[in-house]
Amino acid sequence: MTTTANEITYRLEQKRRVQADFPGPKSVALTERRKAVVAAGVASSVPVYVADADGGIIHDVDGNSFIDLGSGIAVTSVGASDPAVVGAVKEAVEHFTHTCFMVTPYEGYVAVAEQLNKLTPGTHEKRTVLFNSGAEAVENAIKVARLATGRDAVVAFDHAYHGRTNLTMALTAKAMPYKTNFGPFAPEVYRMPMSYPFREENPQITGAEAAKRAITAIEKQIGGDQVAAIIIEPIQGEGGFIVPAEGFLPALSAWAKEKGIVFIADEVQSGFCRTGEWFAVDHEGIVPDIITMAKGIAGGMPLSAITGRADLLDAVHPGGLGGTYGGNPVACAAALASIGSMQEYDLSARAKHIEELSFGKLRELAAALPGGAEGSVIGDIRGRGAMLAIELVQAGSKEPNPELTKAVAAACLKEGVIILTCGTYGNVIRLLPPLVISDELLLDGLEVLATAIRANA
Ligand SMILES: Cc1ncc(COP(=O)(O)O)c(C=O)c1O
């Protein structure tokens, strides 16, 4: 058992150890079984099957140990087997697995709503509804906004990702693999230009100017008084970990308020300490009308939520919101424990520490590559907290380099480090370690990443 400075203890040894010829026989056999029964449309990035996971380590069924720099896509912020979450889940299932909150309610749901109303930005009166997935939370935020405003139009942005259901596919920007041949899509969704500092034609454009560009387009193409909601990820996730220029989000949310448009922050990926604050909007003091949450909320148990202004959420008639499993009692118990662990270990501070360690290493690496800090294959290093990315390009240009990105992720995996990629152009390496990862393991993972980039650049 090892311990970090802030006393996180681990059940599994936090060490990377992979055999040269993985996937091993058990994973290979499972892949064969899978091919016969699981639809081909569900893809996995890593060809091994999991036996155990804890802290920053994932064990496979053949005895390999991988460093996890993906957290199951930003979910296991408190680790994949946080003792508090595991204990709360065990305790909950021993009493009841389900009754349906819409039939026979229970305290856990109410307690999660109390926590979310407290933790989300703003001191105004709030209400919360619980669901199962991020996409479901997004769908419901839009439902509420349309009902409360009596308007139809919804504004989303370039590079956005909001899910795989019909409405959320319409909100999502990238065609392949998310939308191609899955139409027709939900109507009344309009896409506007994002603030993407690295790829702006005019690199001097400020956040306020980029917001003005989007607002002008909304006014011209839709009309502000027709818009029910603006939905935006404060740091875009699947689109490439794009951090908009400072001032973009505040200007947009101020304009939305002026026009009676519901400003929805989609914090499904960026929420719950991931970026070094409870929510990514906290970095610029923005108070959204509705916030969507999932992923990190419940230590890996399926739960999502929307929290927002009481007048908006209470505008919906009884029975208009809900779902059979939404706010499942076991998931609620996990969420309460998970939030408790985030507070106990001050995981926002850990996320900031991860940012500091990682930026240091990545900037050092970029400076030492051919072309140096300004002209190497590392075009951009960005992100906040433990939601960090490097955008890979053809050296000395901004031309996306998805081939290098794939090669780097594959080289990392070969050495036992799980690294995810993303981006509209498929050229972004993203780092999403569990917030409880030890410094030693994180630094080992970063060194593997650096070596992979040096070798493939
Ligand atoms: C910002 C954002 N919104 C919504 C979703 C959809 O969440 P889910 O996959 O739980 O439906 C995701 C998932 O990656 C996301 O990153």
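The values are calculated or read from the model by the stated rules, or taken from the named source; none is laboratory data. Predicted model only: the values in this text are computed from it and were never measured. Because the Cβ atoms are built from the backbone with ideal geometry, glycine has one as well, and the counts that use them run over all protein chains shown. Just the protein is used for accessible areas: all its heavy atoms, side chains included, with ligands, DNA and RNA removed. Shrake-Rupley method; radii C 1.70, N 1.55, O 1.52, S 1.80 Å.
One table, with the values for the structure above:
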quantity	calculated
Matching residues, the stretch 317-339, being open to solvent by 10 Å² or more (accessible area, probe 1.4 Å) and in contact with a strand residue (DSSP E or B) (Cβ under 9 Å, 6 or more places away or on another chain)	321, 322, 323, 325, 328
Flag if residue 134 is open to solvent by 20 Å² or more (accessible area, probe 1.4 Å) and within 16 Å of the ligand (Cβ to nearest atom)	no
One residue from 46, 93 being open to solvent by 10 Å² or more (accessible area, probe 1.4 Å) and not assigned by TED's automatic domain parsing to the domain that holds residue 107	46
Checking residue 75 against (1) within 16 Å of the ligand (Cβ to nearest atom); (2) open to solvent by 70 Å² or more (accessible area, probe 1.4 Å), the condition it does not meet	(2)
Unmet requirement for residue 270, which otherwise passes all of (1) hydroxyl-bearing (Ser, Thr, Tyr); (2) open to solvent by 20 Å² or more (accessible area, probe 1.4 Å); (3) assigned to a loop (DSSP other than H, G, I, E, B)	(2)
Residue within the stretch 25-32 that is modelled with pLDDT of 95 or more, part of a loop (DSSP other than H, G, I, E, B) and in the same structural domain as residue 436 (by TED's automatic domain parsing) present	no
Candidate set from the stretch 108-131 (those that are among the hydroxyl-bearing types (Ser, Thr, Tyr) and open to solvent by less than 30 Å² (accessible area, probe 1.4 Å)); member that is farthest from the ligand (Cβ to nearest atom)	109
Evaluation of residue 346 against (1) of a type in the set (Asp, Glu); (2) crowded, with 20+ Cβ neighbours inside 10 Å; (3) on the phi > 0 side of the Ramachandran plot (one fails), failing number	(2)
Hits in the stretch 218-244 (condition: open to solvent by less than 20 Å² (accessible area, probe 1.4 Å) and not in a strand (DSSP E or B))	218, 223, 224, 233, 234, 235, 237, 239, 240, 241, 244
Criterion (closer than 28 Å to residue 127 by Cα and touching a Cys at 6+ places or on another chain (Cβ under 6 Å)) met by exactly one of 321, 303, 336, 347	347
Which listed residue, of 275, 292, is touching a Lys or Arg at 6+ places or on another chain (Cβ under 7 Å), in contact (Cβ under 8 Å) with a residue 24 or more places away in the chain and outside any helix (DSSP H, G or I)	275
Members of the stretch 137-147 that are crowded, with 24+ Cβ neighbours inside 10 Å and more than 8 Å from the ligand (Cβ to nearest atom)	140, 141, 142, 144, 145
Subset of the stretch 149-190 (residues that are away from the ligand (no atom under 13 Å from the Cβ), open to solvent by less than 30 Å² (accessible area, probe 1.4 Å) and in a loop (DSSP other than H, G, I, E, B))	186
Sole residue being assigned to a helix (DSSP H, G or I), among the small types (Gly, Ala, Ser), assigned by TED's automatic domain parsing to the domain that holds residue 148 and closer than 25 Å to residue 313 by Cβ, chosen from 210, 214, 256	256
Test for residue 8: is it over 28 Å from residue 325 (Cα atoms), hydrophobic (A, V, I, L, M, F, W, C), modelled with pLDDT under 95 and buried (at least 20 other Cβ atoms within 10 Å of the Cβ)	yes
The stretch 81-101 residues that are in contact (Cβ under 8 Å) with a residue 40 or more places away in the chain, paired with ones that are charged (D, E, K, R) (beta carbon under 7 Å, 6 or more apart)	81/11; 81/54
In the stretch 78-88, residue nearest to the ligand (Cβ to nearest atom) [restricted to those that are open to solvent by less than 30 Å² (accessible area, probe 1.4 Å) and out of contact with any Pro (no Cβ under 8 Å at 6 or more places or on another chain)]	85
